[in-house]
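Beneath this line is the structure, given in structure tokens, with notes to follow.
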Amino acid sequence: MAHLVFFEKPGCGGNARQRALLAAAGHTMERRNLLTAHWTRESLLAFLGPLPVAQWFNRSAPRVRDGAVVPERLDGESALALLLAEPLLIRRPLMQRTDTGARLVGFETGEVERFVGLGAPGTSASLEGCAAKTAPVRSCSNPD
């Protein structure tokens, strides 16, 4: 089992579901607040750099959801500056294995399975976004 540094938005139901799935698979986590972490250009790029710029963004963030920020229209430098200024826009969770230093962005279950193993057959393809008991909701009611 792996020990992870898990960057999350405190109070986010989606992140709570993700942590529960990881814990059920036997993984342990050091939880960190994604919104107050002291991000630098280098530390954020260590997570995001391998991905296309549009995949750096939290699609449930109000400014993305409402069209004020269109990730597909941003170049890497502009996107990075925006994410450093507004961490709520960062796709979450960000996870880092403490044994290997490997990093992962988001919670696509196939990627997480390859990253640390979940042992949870039948889990939906993505556990990103906020949890909802009714119809799917794309954002948290409290964006802060």
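The values are calculated or read from the model by the stated rules, or taken from the named source; none is laboratory data. Keep in mind that what you see is a predicted model, and the values were worked out from it rather than measured. Ideal geometry is used to build each Cβ from the backbone, glycine not excepted, and the neighbour counts take in all protein chains shown.
Looking only at region 78-115, which residues are small (Gly, Ala, Ser), surrounded by fewer than 15 Cβ atoms within 10 Å (Cβ to Cβ) and not in a helix (DSSP H, G or I)? Those that are small (Gly, Ala, Ser), surrounded by fewer than 15 Cβ atoms within 10 Å (Cβ to Cβ) and not in a helix (DSSP H, G or I): GLY101, ALA102. For region 17-30, residues that are exposed (fewer than 14 other Cβ atoms within 10 Å of the Cβ) and either part of a loop (DSSP other than H, G, I, E, B) or not hydroxyl-bearing (Ser, Thr, Tyr) (or both) total 5. Looking at region 31-44, which of the residues that are more than 16 Å from the chain's Cα centre (by Cα) and in a helix (DSSP H, G or I) is surrounded by the most Cβ atoms within 10 Å (Cβ to Cβ)? Top of the filtered list is ARG41.
Regarding SER78, is this residue at pLDDT 95 or above, among the polar types (S, T, N, Q) and closer than 20 Å to GLU8 by Cα?
Judged against the criteria, SER78 is not a match.
From the list GLY26, GLY101, GLY11, GLY49, which one is out of contact with any helix residue (DSSP H, G or I) (no Cβ under 6 Å at 6 or more places or on another chain), in contact (Cβ under 8 Å) with a residue 24 or more places away in the chain and more than 21 Å from GLY119 (Cα to Cα)? It is GLY11. Scanning region 44-58 for residues that are farther than 17 Å from GLU128 by Cβ and touching a Lys or Arg at 6+ places or on another chain (Cβ under 9 Å) turns up at least one hit. Go through region 45-63 and report how many residues are within 13 Å of the chain's Cα centre (by Cα) and closer than 22 Å to ALA2 by Cα. Looking only at that region, the number is 2.
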